[in-house]
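Here's the structure we're looking at; comments come further down.
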Amino acid sequence: MNIFFPTRRKAGTLWTPLEEKRRREENFQRLIAFLVPILTFYFGFVAHGLWPFGNRHLLAYDLYHQYAPFLLELKRKILSGDSLFFSWTGGLGVNFYSIFTYYTASPLNLLTLLFPDRFIAEAVTVITLLKLGLSSVFFREFLTRAFRPRDPLAALFSAFYALSAWVYAYSWNIMWLDTLVFLPLAVLGLVELVRDRKPGLFILGLTLMLATNYYTAFFGAVFLFLYFFVVHIQFPSKSGGEFTIFKRLGSFAGASLFSALLSAVILWPTARALSITSAAGDAFPQGFTFTQPFLEVLGRMTPLREPHIMSGLPNIFSGFFVLLLVPAFFAARKRPVGVKFAYGTLLGFLFFSFQSRTLSFLWHGGHYPNSLDFRYSFVFVLLVLAMSYQAADEELGQSRRAAVISAVSVFILLLAEQQWQQNDSLSHWRLLASAVLSVLYLAVFSGFLSSRLPSAPLRSVPYSLGLSRPGGKRLNLKLLRNFTRKKAGYWEPRERARALRFQRAGALLFIVLAVELFFHAFTAAALYQKVAPLGDRKYYTSNTHSAEIYGYMKSLKKENKGQPWRAEVLPDTCVNDPFLYGSNGMSLFASPFPQASIDFFADLGYPTNGVNSFQYKESTIVMDSILSIDYLAVRNNRVFDDRTRTEVAAGEETRLLKNEDALPFGFFATAEAGYLTEEWMPEDAPDVQNRLLSALSGLPGVLVKEPFRPWMEEGCHVEHDYDAYSFRVMRAAGDSDWAFLVYDVPEDGIYYLFWED
């Protein structure tokens, strides 16, 4: 038969037409795994006006204020050839390498080179979609090469990995998605390291994880260590021996150390930078305390849950079928008890970590996150999906009882939750969706009960069991040749009927999974809108105001080429306006920034968050001059009467003002400036600025404090503080009336009001 006639030679092996066909099918399944999460995620938000079908963008939270501006700075550095180690763009000059390693080290960020600065929101959307597609493809590779090859179901399981509740809650943390992409490669590499003694893929995956985002890579690395013991039990050594685990553990440790050394150029400077931030020095929790109720966390695995973003419970929903297939995993008779115990122990530990404050502290690297709880929950999603995929095999029908018990238990849990939480408007829909999905999945599972496959596969059936081993080994051509000679290409009628029933059951499972995936994608996008609605492009950089600022900055760079200069923008678009517009300004919001500088600018009266941000909202001409802020771009409709600056350019919505008194970047100061400490500083910001100016120049400060006596009060109570120059405003709890404070200006001049709220 010419089915075995070789058609192509590759690396010394012969490819048959059957193998060529399967290779094409494999690539087609990879394409499905790549495109399905991209399209479902995107069109889920298109329904809410995502560009170009509307005028909305995906930028939210820190993606709006930090990551997008930092991507623009990376783009400018690449195009100009500037160093990655330092930037004059923001923070009055900042260590950019720590920002690069924390936020922008992903190779996909090079795509920003293809987008103009004004279209940074669209660049972020494209990068996000590509990361979701790649995470799905790599997770499919892990499933098919580790457990069951050439299964079309793997493409949909991988799509659920790329579209889990964790992704919808934290997709705006675009740099975290790199770990989502490379973790499946590292896990597959771990399997090959243990099973096949091939460390290459493990080293590659772990190195890419550590290099692209060391923070979430820490979660992935901890999971790899824990999962190593599961893999060791699941893939026993053929040679055996009581010291096998130590040999494998040594290989794992050696490969991990090698990956750490390869990525040390990023890890070591970053560790040094983080040691002086506000995140350093958190104390280990006293005692072993619990935080989250068990049943509430379990309920987060059911559909129609609003994402808990800044605080709340872990985002761990990854498909309703997980609740049915994980019990089926443990109920399967063919699965060794040791494998069930290993997976059960790891699953229990991860789930218990959501309840324990101590374990959560350790998962976060010995640090209490000030928001975004349970950032490591994506490893839980990976584990339960891997278990579910292993359970969705030819013996699924025999585990039907466990799935039925699980479905009934979930329904009872949701009924109880509805009774306890009366204000949950989605509880009825959650019950209905769970009931419908349970019926569909259980009906499909029953189709596997009487469809055990014969010893050799039908060519049209995609489930090739027995002729290939996990890892994609070549087909046993001799076995296939003997089978075709004996059977002449046909099965017995009874065996053929079983195979067709199995194929039909697999196709139905594929359809039901696809239906749930689309349902999840569109409902998750809608629920995300309730928490963090998509922003309007016209309020970011797609407007005349931003276009004029970009024009001003381009002109200033050209005029001051080779010379230092600084500019700021009023009002601000985001906290990191200097990086957004390239204005060499003062404002900065970055996690790796030193804590001491934050306190310094707070003393001077600038707004800070007390942790990792200070911002130019307004300022005195004194500080603008000391800090060498030469220019100020101000909206025309902003109330702003500053007689100390000169207008040098004007546009339709914005004007550019110049400070002629700005000091150069370097200047002489008195010796007293070297002895300034926080203990020597006064309390009020105007006094601090005067003290700084006096220490630098040796002359008295120029800010004169005016006694302030409000003569009109409404909606609040006003009283003087400790002197005649300050006052306190007090209102009753829950009082939302306006507070009017009227001051009678004694003479013409420039006045500043320092307001601490």
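The values are calculated or read from the model by the stated rules, or taken from the named source; none is laboratory data. Because the structure is a prediction, the values reported are computed rather than measured. Positions of Cβ are generated from backbone atoms using ideal geometry, with glycine treated the same way; all protein chains shown enter the neighbour counts. Accessible surface areas use protein heavy atoms only, side chains included; no ligands, DNA or RNA. Shrake-Rupley method; radii C 1.70, N 1.55, O 1.52, S 1.80 Å.
Placing one equal scatterer on every Cα of region 587-658 and applying the Debye formula, the log10 ratio I(q)/I(0) at q = 0.19, 0.27 Å⁻¹ is -0.84, -1.18.
The solvent-accessible area of Ile245, taken with every protein chain present and a 1.4 Å probe, is close to 50 Å². Were the residues from Glu242 through Arg24 laid out at 0.36 nm apart, the gain over their Cα-Cα distance would be 74.2 nm. Taking the Cα centre of the chain as the origin and placing charges on Cβ (Lys, Arg +1; Asp, Glu -1), which of Pro37, Asn690, Leu129 is farthest toward the positive end of the dipole? Checked the options; the winner is Pro37. Distance from the C-alpha centroid of region 331-398 to that of region 122-152: 20 Å, rounded to the whole angstrom. For region 489-565 versus region 58-114, the spacing of their alpha-carbon centroids is 23 Å. Rounded to the nearest 20, the size of the Cβ-charge dipole of the chain about its Cα centre is 7900 debye, with Lys and Arg at +1 and Asp and Glu at -1. Could you grab the relative contact order for region 300-351? Cα pairs under 8 Å, six or more apart, rounded to a whole percent. Reported as a whole number, the value is 27 percent. The listed residues Tyr214, Tyr170 rank as Tyr214, Tyr170 when sorted by accessible area, largest first, using a 1.4 Å probe. Across region 325-340, rounded Karplus estimates of 3J(HN,Hα) from the backbone phi angles (6.51 cos²θ - 1.76 cosθ + 1.60, θ = phi - 60°) give 7, 4, x, 5, 4, 6, 7, 4, 6, 6, 7, x, 4, x, 5, 4 Hz, Gly and Pro being marked x.
Across the options Ala662, Ala532, Leu304, the greatest Cα extent toward the positive end of the charge dipole of the chain (unit charges at beta carbon of Lys, Arg, Asp, Glu) belongs to Leu304. Considering only alpha-carbon pairs that sit under 8 angstrom and 6 or more positions apart, the relative contact order computed for region 1-160 is 28 percent. Heavy-atom accessible area for Ser694, with the other protein chains in place and a 1.4 Å probe, reaches approximately 30 Å². Using the Cβ-Cβ distance between Leu35 and Thr291 with R0 set to 41 Å, the FRET efficiency from 1/(1 + (r/R0)^6) comes to roughly 0.55. Residue ranking by accessible heavy-atom surface, 1.4 Å probe, largest first, among Thr101, Thr345 comes out as Thr345, Thr101. Protection proxy ranking for 70-77, 181-188, using the average of other Cβ atoms within 10 Å per residue and placing the highest first: 181-188, 70-77. When you restrict to C-alpha pairs under 8 Å that are six or more residues apart and normalise by the size of region 106-168, the relative contact order lands at 28 percent.
The figure for Lys198 is an accessible area of roughly 100 square angstrom, using a 1.4 Å probe on the protein chains alone.
Computed across region 194-276, the Kirkwood hydrodynamic radius from all distinct Cα-Cα pairs reaches 13.8 Å.
Subtracting the Cα-Cα distance of Arg504 and Phe43 from their residue separation scaled by 0.36 nm leaves 163.0 nm. Distance from the Cα centroid of region 159-217 to that of region 651-706 is 49 Å (rounded to whole angstrom).
Charges on Cβ only, +1 for Lys and Arg, -1 for Asp and Glu, centred on the Cα centroid of the chain; of Asn637, Ser263, Val742, which one is farthest towards the dipole's positive end? Toward the positive end, the furthest listed residue is Ser263.
Estimated from the Cβ-Cβ distance and a Förster radius of 30 angstrom, the FRET efficiency linking Arg635 and Glu756 is about 0.75. For the set Trp738, Trp15, Trp680, solvent exposure ranked by accessible area (probe 1.4 Å, protein chains only) runs largest to smallest as Trp738, Trp680, Trp15. Computed about its Cα centre, the charge dipole of region 601-693 is approximately 340 debye, with only Lys, Arg, Asp and Glu carrying charge at their Cβ.
Computed over region 603-752, the percent of Cα pairs more than 19 Å apart is 67. Once the C-beta distance of Ala497 and Ser251 is scaled by a Förster radius of 60 Å, the resulting FRET efficiency is 0.80 to the nearest 0.05.
Could you check how much of the accessible area of the chain is carbon and sulfur, as a whole percent, using a 1.4 Å probe? Carbon plus sulfur share of accessible area: 61 percent. For mean projected area of the Cα convex hull in nm², the value computed from the atomic coordinates appears in the list (i) 31.3; (ii) 40.1; (iii) 35.6 under label (ii). Protection proxy ranking of 28-41, 501-514, by the mean of other Cβ atoms within 10 Å over each peptide's residues and highest first, is 28-41, 501-514.
Heavy atoms of the protein chains alone define the surface here; on that basis the chain has 46 Å² accessible area per residue at 1.4 Å probe size.
For the residue pairs Lys77/Lys538; Lys557/Lys658; Lys247/Lys340, the alpha carbons lie more than 21 Å apart in Lys77/Lys538; Lys247/Lys340. Note on region 629-753: with charges restricted to the Cβ of Lys and Arg (+1) and Asp and Glu (-1), its dipole about the Cα centre is near 360 debye.
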